[in-house]
Each structure stands twice: as C-alpha cells, then as structure tokens.
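What follows is a set of notes on a single structure, which appears directly below.
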C-alpha cells in the first residue's frame with residue numbers, strides 16, 4: 001500500500017447506520033485506504049448490516065476504532081479536512097476534492113491527514129467545522145446536494161488515489177493493424193459477401209464503401225483483423241459446402 005495513503009484517515013462523526021459504515025469500508029478498500037475511526041457513533045440498527053456491505057473489506061471494519069469525540073479522532077493528525085454540503089459564513093473557503101487532493105498528498109508525506117465526514121442527517125456542526133484545517137465540498141447538481149455517506153467517502157478517496165498518478169490503464173497486447181492488413185481484410189470481405197449473395201458484382205463497389213466506412217471507425221488491432229478474417233473465411237466455406245462437416 002502507498003505510504004501516503006497510510007497517512008490518510010477516514011473519520012465518521014455521529015454515524016447512524018451500520019450499513020453506511022460497511023459501505024465506507026468497501027469504498028476505502030477500493031482506494032487503498034485502511035484507517036477508519038468512528039467518533040461518537042450513534043448506530044441505530046443491526047451491526048450485521050455493516051459486515052454484509054463491507055464485502056471483502058472486512059479487515060478495515062474489524063480494525064476500526066471508536067472514540068468519544070472528533071477531537072480524540074484527530075488528536076494525532078496534523079490536518080483535518082472537513083466535508084460539507086452546506087453554505088454559510090464559516091464554510092466559504094471550501095475547495096473541491098479534486099482541487100485539494102494534490103495538496104493533501106503533499107501534507108500526508110509529512111504527517112497524518114484526517115478526512116472528516118458528518119452525520120447522515122445533519123453533517124458536521126459549526127464547532128466541528130471550526131477545528132478542521134481544510135474544507136471540501138463535492139460538486140453536485142444544485143437541485144439535490146445531499147450525498148450518501150459512503151458515496152461521499154468514495155468520491156473523496158478516489159480523487160486522492162487518482163492524484164497519486166500510480167494507476168496504469170491496461171495496454172492493448174495486439175499491435176494496431178497496418179493499412180495493408182486492413183486492405184486484405186476488406187478484400188476478403190468483398191469476396192465473402194459476393195459468395196454468400198449479400199451483394200452483386202455490379203453493386204459491389206458501392207456496397208464496399210459502406211463496409212469500409214464501418215471498418216474505418218476506431219482502431220483495429222491485429223487480433224481484430226484476424227477474427228474478422230476468420231469470420232469471412234468461415235462464411236465463405238459455409239456458403240460453398242452447406243452443412244457438410246469440415
């Protein structure tokens with residue numbers, strides 16, 4: 001696990017529903033973050049829901065800590081980042097998670113950073129906001145600004161993980177097809193379409209322009225060409241031999 005992510009702590013304040021805790025654990029595991037603290041939780045349902053929704057993030061759930069106050073939860077943190085959907089005089093200096101993520105990673109190189117999420121029904125109080133060093137607000141449509149707790153955690157953790165720049169998307173193993181390979185494919189399809197009676201010779205040039213237009217959309221790999229050549233060959237063989245066994 002990335003050392004910077006080891007210095008990120010998720011703090012849930014006054015959480016009401018165990019299912020949200022489990023879903024938060026899963027979101028954290030998705031993004032490589034494992035430190036979870038519940039501050040003054042008020043769980044009002046069956047804790048088994050937490051285990052069910054954590055899925056394979058049960059280790060995070062099992063290792064979470066509980067404390068009585070937000071101050072205790074962030075006592076060993078150098079920075080606390082409050083999340084808020086509400087406006088107000090003391091909430092005007094908010095940034096988006098994407099804006100603040102690079103800065104938070106730099107801070108995490110020096111000490112522990114807490115991301116603080118409030119109650120499902122009320123969020124964080126002004127007093128709790130007051131002890132945070134940063135504030136973030138997730139951009140959402142103004143008609144409905146409320147996010148599910150685990151959704152908010154996932155979005156914030158995603159921005160941190162993305163800002164690391166360590167994710168490498170998969171690379172196509174097959175090389176891009178050359179113009180010559182695509183030309184041979186087009187010729188094979190012309191032959192096949194004539195054989196199966198899809199088009200007549202006098203109309204073939206016009207019909208093949210449409211086929212070529214389809215083939216020219218996007219990038220064909222060498223594997224793609226091989227598959228499409230195989231389709232044409234099999235269709236050609238089936239047209240000539242009917243139901244005979246090959």
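Quick note: the coordinates plus some simple rules give every number you see, no bench work behind them. Keep in mind that this is a model prediction, so the values were computed, not measured. Note that we place each Cβ from the backbone using ideal geometry, even for glycine, and neighbour counts take in every protein chain shown.
Taking every DSSP beta bridge that has both ends in the chain, the antiparallel portion is near 10%. Taking other C-beta atoms within 10 Å as the exposure proxy, 229, 28, 192 rank 229, 192, 28 from fewest upward.
Across 106, 122, 203, mean-square fluctuation computed from a Gaussian network of the chain (C-alpha pairs under 10 Å connected) peaks at 203.
In a fully extended conformation the segment linking residue 66 and residue 227 would gain 52.3 nm over its present Cα-Cα distance, using 0.36 nm per residue.
Express as a percent, rounded to the nearest 5, the fraction of DSSP beta bridges in segment 1-111 (both residues included) that run antiparallel. In segment 1-111, DSSP labels about 0 percent of beta bridges as antiparallel.
Highest mean first, the peptides 149-160, 69-80, 109-120 sorted by other C-beta atoms within 10 Å per residue fall in the order 149-160, 109-120, 69-80. Rounded, prolate or oblate: which fits segment 94-221, taking a ≥ b ≥ c as square roots of the Cα gyration tensor eigenvalues, rounded meaning a/c under 1.5, else prolate when a/b beats b/c? Prolate. The long axis of helix 97-108 is offset from the longest Cα principal axis of the chain by roughly 60 degrees. Cβ crowding within 10 Å ranks 196, 8, 129 as 196, 129, 8, fewest other Cβ atoms first.
By the count of neighbouring beta-carbon atoms within 10 Å, fewest first, 58, 224 end up ordered 58, 224.
Remark: the Cα gyration tensor places segment 3-164 in the rounded category, a/c being less than 1.5.
Taking 0.36 nm per residue of separation and subtracting the Cα-Cα distance, full extension of the segment from residue 174 to residue 148 would add 5.2 nm.
Extension gain for residue 44 to residue 103 (0.36 nm times residue separation, less C-alpha to C-alpha distance): 17.6 nm. For the chain, the longest principal axis of the C-alpha atoms and the axis of helix 179-195 are separated by about 60°. Treating the angle as unsigned and between 0 and 90°, give the value, to the nearest 10°, between the Cα long axis of helix 149-164 and the longest Cα principal axis of the chain. Around 70 degrees separate the two axes.
Oblate is the label for segment 179-241, because a/c, from the alpha-carbon gyration tensor with a ≥ b ≥ c as root eigenvalues, is 1.5 or above and a/b does not exceed b/c.
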